[in-house]
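What follows is one structure encoded as structure tokens, with my remarks underneath.
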Amino acid sequence: MKKTFVSGAILLTLLTASCTKTAMTPSPTQTTENSVLFSTRASASVVGLPSSTLPTAIQTYLDQNAAGYTLIRVEKKAQPGTNTYGGTKVTVLKDGVPVDYYFDTNGALTTRPAGPRGEVLTSLTATQLPATVSSYLSQTYAGYQFIVAESVQINGVAQEYRVQIVANGQRINVHFDGTGTFRDAHTAPGDLTKTHAVRYLSRDKVPAAIETALASTYTSYTYGWTEEHVHDETTTYDVKVFSNGQLLVLHFDTTGTQITPAGPGPKPGGPGGPMAPAKDALIQEATLLPSVITTYLQTHFSGYTFLVAKQHTPPAGSEYKIDVAVGEQLYTLRFSASGELLMAHARG
């Protein structure tokens with residue numbers, strides 16, 4: 001079976017915003033958070049997660065309040081250092097923009113967890129912006145297109161507003177202080193004309209030049225699968241192979257020449273220092289998965305193709321991270337040892 005991942009790498013968290021002297025009605029609730037997605041950069045072929053990956057109460061809420069959404073990520077939020085989960089974060093695409101929703105353990109909409117300074121983020125619509133903010137934008141960026149905005153409050157006091165707009169073909173982040181006074185502005189990362197897409201390729205669709213390179217250089221490796229990446233009309237291929245119990249990634253261009261991908265190398269442990277020791281076991285055969293996980297995949301991702309899995313055993317408990325494909329769509333999922341879905345992500 002095969003299933004597809006949709007990349008979440010195209011998501012960029014939008015900055016903060018808040019109220020001014022004017023009274024402001026919160027956006028649907030203070031539990032939704034817009035993260036800026038450059039909709040023109042999103043793969044048009046992204047197939048969202050099945051809504052059945054959501055708890056019933058959450059699915060009902062989204063059906064009623066986010067009609068036409070595409071589900072791209074579901075993740076249960078754990079208490080740090082434990083396997084105790086206190087709620088669920090859901091990311092959907094609405095009109096090309098990713099929006100995050102937070103739900104408690106009963107599936108009821110709740111507030112986003114406060115930041116390290118106790119800041120509370122609130123999503124704002126264009127009509128909810130303070131008058132001083134709207135006036136500045138209209139005067140400075142005539143004819144601008146509103147994308148998303150957020151406010152930040154600490155102890156109920158507005159600290160900052162951040163708004164993203166499109167003006168003259170560019171995305172711009174515009175920042176204001178808690179009174180709505182302009183602070184600064186800068187071009188948002190990304191170019192509206194650029195695109196990115198990723199898809200799973202079955203073996204028969206792998207370019208012949210790459211097959212030739214694999215046959216001549218990597219005969220001792222076990223073939224896994226291939227992903228086609230298109231960045232701004234440039235196509236490259238990531239070929240996943242297995243060797244000595246390890247998963248390796250080979251990068252090729254369309255001529256079958258091996259290339260080095262752009263971007264930073266692997267990151268070290270987090271700011272708190274090295275992570276606690278954990279045991280990882282690579283799983284190359286779907287038959288080695290716990291039967292309860294296999295049943296879940298068969299039920300919710302019908303016709304999936306198993307790609308690879310990793311059993312991760314941190315001090316808090318064992319988990320399984322699994323890559324699958326459905327058609328050309330790629331998905332990443334994470335399960336507890338008992339088969340409970342902890343995270344599902346559609347790559348695009």
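Being part of a loop (DSSP other than H, G, I, E, B), among the aliphatic types (A, V, I, L, M) and at pLDDT 85 or above: is that true of LEU71 here? Quick ask: steps written out before the conclusion?
Working: part of a loop (DSSP other than H, G, I, E, B): no; among the aliphatic types (A, V, I, L, M): yes; at pLDDT 85 or above: yes.
No, not satisfied.
Filter region 128-150 down to the residues that are of a type outside the set (S, T, N, Q) and closer than 21 Å to ALA66 by Cβ, then identify the one that is surrounded by the fewest Cβ atoms within 10 Å (Cβ to Cβ). Before the answer, list the steps.
The first filter runs over region 128-150 and keeps only residues of a type outside the set (S, T, N, Q), leaving 129-131, 133, 136-137, 141-144, 146-150.
Filter once more, so that each one left must be closer than 21 Å to ALA66 by Cβ: 146-150.
Numbers: PHE146: 16, ILE147: 23, VAL148: 23, ALA149: 28, GLU150: 25.
Residue satisfying both the conditions and the ranking: PHE146.
Counting just the residues of region 116-127 that are modelled with pLDDT of 80 or more and farther than 14 Å from VAL152 by Cβ, which one comes out surrounded by the fewest Cβ atoms within 10 Å (Cβ to Cβ)?
THR127
Any residue at all in region 81-89 that's at pLDDT 90 or above, polar (S, T, N, Q), surrounded by fewer than 18 Cβ atoms within 10 Å (Cβ to Cβ) and in contact with a helix residue (DSSP H, G or I) (Cβ under 8 Å, 6 or more places away or on another chain)?
Restricting attention to region 81-89, the residues satisfying the condition of being at pLDDT 90 or above are 88-89.
Applying the additional criterion that residues be polar (S, T, N, Q) yields 88.
Those still in the list that are surrounded by fewer than 18 Cβ atoms within 10 Å (Cβ to Cβ) too: none.
There is no residue in region 81-89 that is at pLDDT 90 or above, polar (S, T, N, Q), surrounded by fewer than 18 Cβ atoms within 10 Å (Cβ to Cβ) and in contact with a helix residue (DSSP H, G or I) (Cβ under 8 Å, 6 or more places away or on another chain).
What are the pairs with Cβ atoms under 9 angstrom where one residue, in region 295-307, is polar (S, T, N, Q) and the other, located anywhere, is crowded, with 20+ Cβ neighbours inside 10 Å and modelled with pLDDT of 95 or more? Sequence gap at least six, or different chains.
Once the first residue is polar (S, T, N, Q) and sits in region 295-307, its partners that are crowded, with 20+ Cβ neighbours inside 10 Å and modelled with pLDDT of 95 or more give GLN298/TYR304; SER302/VAL326; THR305/TYR200; THR305/TRP225; THR305/VAL324; THR305/ALA325; THR305/VAL326.
Out of everything in region 178-190 that is touching a strand residue (DSSP E or B) at 6+ places or on another chain (Cβ under 6 Å) and surrounded by 16 or more Cβ atoms within 10 Å (Cβ to Cβ), what residue ends up being nearest to GLY118 (Cα to Cα)?
Only one residue fits best here, namely GLY178.
Give the residue that is surrounded by the most Cβ atoms within 10 Å (Cβ to Cβ), with candidates limited to residues of region 205-236 that are closer than 20 Å to ASP323 by Cβ and among the charged types (D, E, K, R).
Per the criteria, the residue is GLU227.
Any chance you could count how many residues in region 205-223 are outside any helix (DSSP H, G or I) and either aromatic (Phe, Trp, Tyr) or without any contact (Cβ under 8 Å) to a residue 24 or more places away in the chain (or both)? Show your work before the answer.
Restricting attention to region 205-223, the residues satisfying the condition of being outside any helix (DSSP H, G or I) are 206-207, 218-223.
So of that shortlist, the ones also either aromatic (Phe, Trp, Tyr) or without any contact (Cβ under 8 Å) to a residue 24 or more places away in the chain (or both) come out as 218-221, 223.
Of the residues in that region, 5 qualify.
So ILE172 ticks every box in (1) modelled with pLDDT of 90 or more; (2) buried (at least 21 other Cβ atoms within 10 Å of the Cβ); (3) within 24 Å of the chain's Cα centre (by Cα) but one. Which box is left unticked?
Here ILE172 meets the rest and fails (2).
For THR105, only one of the following conditions fails: (1) over 30 Å from GLN64 (Cβ atoms); (2) without any contact (Cβ under 8 Å) to a residue 24 or more places away in the chain; (3) not aromatic (Phe, Trp, Tyr); (4) not in a helix (DSSP H, G or I). What is its number?
(1)
Any idea how many residues of region 195-204 are at pLDDT below 95 and assigned to a loop (DSSP other than H, G, I, E, B)?
1
Before we move on, is THR125 in contact (Cβ under 8 Å) with a residue 12 or more places away in the chain, of a type in the set (S, T, N, Q) and more than 20 Å from PRO98 (Cβ to Cβ)?
Working: in contact (Cβ under 8 Å) with a residue 12 or more places away in the chain: yes; of a type in the set (S, T, N, Q): yes; more than 20 Å from PRO98 (Cβ to Cβ): no.
So THR125 does not fit the description; no.
When residues of region 248-263 are filtered for being crowded, with 16+ Cβ neighbours inside 10 Å and within 24 Å of the chain's Cα centre (by Cα), how many remain?
To start, the set of residues in region 248-263 that are crowded, with 16+ Cβ neighbours inside 10 Å comprises 250, 252, 256.
Those left that are additionally within 24 Å of the chain's Cα centre (by Cα): 250.
Here the count works out to 1.
Mind listing whichever residues of region 158-169 are in contact (Cβ under 8 Å) with a residue 40 or more places away in the chain and either part of a helix (DSSP H, G or I) or surrounded by fewer than 19 Cβ atoms within 10 Å (Cβ to Cβ) (or both)? Steps first, please.
Step one: filter region 158-169 for residues in contact (Cβ under 8 Å) with a residue 40 or more places away in the chain, giving 158-164.
Result: GLN159, single match.
The values are calculated or read from the model by the stated rules, or taken from the named source; none is laboratory data. Computed from a prediction, not measured in an experiment: that's the story for all the values here. Note: ideal-geometry Cβ built from the backbone for every residue, glycine included; neighbour counts use all protein chains shown.
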